[in-house]
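Working notes, structure below.
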Amino acid sequence: MAEYSFALSEEQRLIQESARKFADNEIWPAAPAFDRSGDFPRDLILKAYELGFVNQLIPEALGGAGLSNLDTALVVEELASGCAGITTSCVANDLALIPIVIAGSDEQKKRFVKDIIAARKFASFCLSEPGAGSDVAGLSCKLEKVDGGYKLNGAKQWITNGGVADQYTVFCTMDKELRHKGICCVVVPADAEGVSHGPHEDKLGQRASNTTTVNFDNVFVPESSRIGKEGEGFVIAMETLDITRPLTGVIAVGIARRALECALSYACQRKQFGKAIAEFQGIQFILADAATEIDAARLLTLRAAWMRDNGINNSLQSSMAKRFAADTAMKVTTDAVQVYGGYGYTKDYPVEKLMRDAKLLQIYEGTSQIQRVVIARELVKAAAAKES
Amino acid sequence: MAKILVPVKRVPDYEMKVKIAPEGNAIKTDSIKWIVNPFDEIAVEEAVRIKEAGSDVEVVVVSIGPEGTSEQLRTALAMGADRAIQVITDAEIDSDCAHRILAAIYQQDDYQLVIMGKQSIDSDANQTGQLLAAKLGLPQATFASKLEVSGDWTSAKVTREVDGGLETISVTLPAIVTTDLRLNEPRYPSLPGIVKAKKKPMDVVELSSLGVEVSPKVRVLAMEPPAARSAGIKVESVAALVDKLKNEAKVI
Ligand SMILES: Cc1cc2nc3c(=O)[nH]c(=O)nc-3n(C[C@H](O)[C@H](O)[C@H](O)COP(=O)(O)OP(=O)(O)OC[C@H]3O[C@@H](n4cnc5c(N)ncnc54)[C@H](O)[C@@H]3O)c2cc1C
C-alpha cells in the first residue's frame, strides 16, 4: 500500500492534463447550447468515448481505459468542470457496466461489456423507480420465472441515458416481500420486445444529460442474461454504487471549482465604489471559504477512491465525501451567483447554470440525507463493536 | 521499416503569465507549467498520422533538457510515438547547440525523415531545422502545411506556407521538414494511449556521451515584458466613437 502522499505521478498528471484540455476546449464552449436545448450531445460524447473518457473504470481487456478509482476521479473532476450534465452521461456507462464486470461470467462480460464498448454503444443503470428512490430495497419491478428464463414487468424512473442506451442493466425483484433478498440483476437490450422509454425529462439542470423513464412490458429475459445469482442483485447494486460514489463526489468538485474560477475572475474585473469588488473583505471571505471547502471536498473524494483501490472498505468515507462535495458545490455555486450580482442571475453568464447543475448532486446516487443516514449507521456500528 | 525522428522541446505553457527572473535575462522557472512546444505537437501528430495511414513506420521522439522533460516525451508517446530518446542536460541550449545534438542523435540510427516544429514558442528563433539540414547535408522543406511521403520512401511532396500563398515542392528523402500551424490539428492523448505510453521505451542519453560540445553562441542579455496596455475608455455616443476613430486612432 502506498504511504501517505499527495503527489501525482507523471502518468496521473498527463491523464489530468488531457482531460482538462478536452473539458476546456471541447466541453465548456459547447455546454451552454446543450443546456438550453436539452439535446443529447452525441457527437461530443462519442469523441470522449474515443479518448477513453467513457468506461474509464472498465478493464482494458474489455475495452475500457482500465484506470484506477483515483485516476478516474482525477479525470472526472476535469470533465465536470466543463459540464456536469455531459459528464453524468459519460459516467453513466461505467455505472451500467460495472455490475457485469463485478458479477458477470466471462461470456457475459464479452457480450454485455466488450461488444458494447467496441461498438461505441451506451448502457444505462436502472435501479430507481417511481415508487422506490432512496428506499432501493422497496423496488417492485417484477421478475417471474417462465420456460427458459424470466418475464420482466415494471417501470424505472430517472434513468440517465434511458433514451439513447442500447442496453439496460435492470434491478428487479422475484418477491417484493423479501425486500433486498429478492432482488436480481438482469441485462436487457433496448430493442427487446416490450421495452420502451418515455420522453426526455425537462430538468432544472444537467440538461444535456438524457433522463427518461424505461418501461418493461412482458419482456422475455433468457436465464443467460441474469448477472450473478437470483437474490444477489441488491449486493451487486450496492457494491457498484460504492465504486461510483466518489466519482459523483468529484463531479461536484469539478462544478464548484469552475464556479470559483469564474467568481474569482469576475471579482477582479468588476468595479464598484472605485475598486475591484475582490478588494472588499465581504467578497474575499466568500472566495476564501469556497477555495478551502473545494479543497476539502477534493481530498475527501480522492481518499475514498484511493481506499477502494487499496481494497479498504470505504462505505463511511465515500458517503462523507459525496455528501460534503455535493453540499459544497451547492453552496459555492450559490455564492458564485452572489459574487456576480444581477449578472449572475442571467443566462448571459455561466454561474447560474453551475448552480442548477450542482443541485442534482445532492439528489442522485443517494441524497445528502441518505448519505448522512449511512455515515451515522457506520459510526454507530463501529461504536457498538467497540462496546461489545 | 522507415523511421521518423521527431524532436520535441518543452516550453512554458502559453496560457501562463511568465515573469522575468531577478537577473533580468531569463524567465522565472520555479512555478512554470511546461508543455510540448505546440509546433512540435503538430510534428508528432503528422508522424503518427503517416504511421496510421498504413506504412510500416517507427516514430522516434527526442528531447534535450533537464530530467523533467520526460513528461513531454511521455505526452508524445501517448499521442502514438513508438519510443523516446531523452538527452539529459541542465545546460543552456541555443539553436546551435540543439542542432548539433540532434545531428548526433540522427546519425545513431537510420532515419528517412525528420519532422520538427518550425520554431519553439519560447525563443522563437526558427533556426534549428535549417541548421540541422545544413549540418547533415539534407534537403529541407520548412513551414509545411501539407506533407505526402511517396510509397517507396524516396521522396516527399511538401506544401509550404510562403508569403502571400502556397508553394509545393518535392524533396528527396531523407529530409528535414518543419511544421507550420495549419499542417494538422494535434489530437488529445487518449487515456488508453497514456496508459500504453508508460510501457514504451525511453532511452536516456547523457549529453557527454554524444561528444557534442555545448557552448551557446547566443547569449541573452536582457528580457523585458511587453509594455502594459493602457486602460480603455468609454465613449458616450456613436458620434463620439466615430470622431475618435477618425481623428485619434486615424483608422477610418
Ligand atoms: C437527473 C437524474 C438522473 C438520475 N439517474 C439515475 C440513473 O441513471 N439510474 C437510477 O437508478 N437512478 C437515477 N436517478 C435516481 C436518483 O438516484 C433518485 O432520484 C434518488 O435516489 C432519490 O430518490 P427519489 O427521487 O425517489 O427521492 P425520495 O427517495 O422520495 O426522497 C425524497 C426526499 O426524502 C428524503 N428521504 C428519503 N428517505 C429518507 C430517510 N430515510 N431519512 C431522511 N430523509 C429521507 C430524501 O433525502 C429526499 O430529500 C436519477 C435522478 C435524477 C434526478
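The values are calculated or read from the model by the stated rules, or taken from the named source; none is laboratory data. Just so it is clear, the structure is predicted and the values come from calculations on it, not from any experiment. FYI the Cβ positions are ideal-geometry reconstructions off the backbone, even for glycines, and counts take in every protein chain you see. Remember, those area values only see protein heavy atoms, side chains included, never the ligands or the DNA or RNA. Shrake-Rupley method; radii C 1.70, N 1.55, O 1.52, S 1.80 Å.
A few points about this structure:
- Förster radius 51 Å - calculated FRET efficiency between B:V238 and B:Q107 (Cβ-Cβ, nearest 0.05): 0.15
- Taking all protein chains together and a 1.4 Å probe, the residues B:S237, B:S155, A:S124 rank B:S237, B:S155, A:S124 from largest to smallest accessible area.
- Accessible-area composition of the range A:323-364, carbon plus sulfur, in percent [1.4 Å probe]: 60 percent
- Principal-axis analysis of the Cα atoms of chain A puts helix A:233-269 at an angle of about 20° to the longest axis.
- For the range A:19-25, 3J(HN,Hα) computed residue by residue from phi via the Karplus equation (6.51, -1.76, 1.60; θ = phi - 60°) reads 5, 5, 4, 5, 5, 5, 8 Hz, glycine and proline entered as x.
- B:M16-A:Y343 FRET efficiency (beta carbon distance; Förster radius 35 Å; 0.05 resolution): 0.80
- A:K47-A:C268 pseudo-label distance in nm [points 7 Å out on the Cα-to-Cβ vector]: 2.7 nm
- Between A and B, accessible area buried - total, square angstrom, nearest 100, 1.4 angstrom probe: 1700 Å²
- In loop segments of the range A:307-388 as defined by DSSP, the trypsin sites (Lys or Arg not before Pro) with at most 13 further C-beta atoms inside 10 Å of their C-beta are A:K347.
- Computed with a 1.4 Å probe on the full set of protein chains, the accessible area for A:C185 sits at about 0 Å².
- Amide H contacts for B:T142 (H built 1.01 Å from N in the peptide plane; partners 5 or more residues away or on another chain; cut-off under 5 Å): B:T178.
- Neighbourhood net charge (13 Å Cβ-Cβ; Lys/Arg +1, Asp/Glu -1) for B:R49: -3
- Among beta bridges identified by DSSP and lying wholly in chain B, the antiparallel ones come to about 40 percent.
- Sorting A:D327, B:D30 by accessible area puts them as B:D30, A:D327; the probe is 1.4 Å, largest comes first, and only protein heavy atoms count.
- For A:V339, the shell of other residues with beta-carbons less than 14 Å away shows a net charge of -1, using +1 for Lys and Arg and -1 for Asp and Glu.
- The simple spin-label model puts a point 7 Å past each Cα toward its Cβ; for B:E185 and A:R372 those points are separated by 4.8 nm.
- Degrees between helix B:38-52 axis and first principal axis of chain B (Cα, 0 to 90, nearest 10): 40 degrees
- Helix B:95-107 axis, angle to chain B major axis (alpha carbon atoms, nearest 10°): 20 degrees
- Shape category assigned to the range B:89-191 from the gyration tensor of Cα positions, a/c cut at 1.5: rounded
- Cα-based radius of gyration of the range A:123-233 once divided by 2.2 N^0.38 Å, which approximates compact folds: 1.02
- Spacing of the two label points (7 Å from each Cα toward its C-beta) at A:D166 and B:I32, in nm: 4.7 nm
- Largest accessible area first, the residues A:K21, A:K145 order themselves as A:K145, A:K21 under a 1.4 Å probe with ligands, DNA and RNA left out.
- Per residue, in Å², the accessible surface of chain A once ligands and nucleic acids are set aside, probe 1.4 Å: 43 Å²
- Accessible area of B:Y14 in the full protein assembly, 1.4 Å probe (Å², nearest 10): 150 Å²
- A:S68 accessible area, assembled protein chains, probe 1.4 Å, Å²: 40 Å²
- For A:C184, the residues whose modelled amide H falls within less than 5 Å of its own, excluding neighbours fewer than 5 places apart on the same chain, are A:C172, A:T173, A:M174, A:G231, A:G233.
- Under 5 Å from the amide H of B:I27 lie the amide H atoms of B:A21, each residue being 5 or more positions distant or on a separate chain, with H modelled from the backbone and absent for Pro and chain starts.
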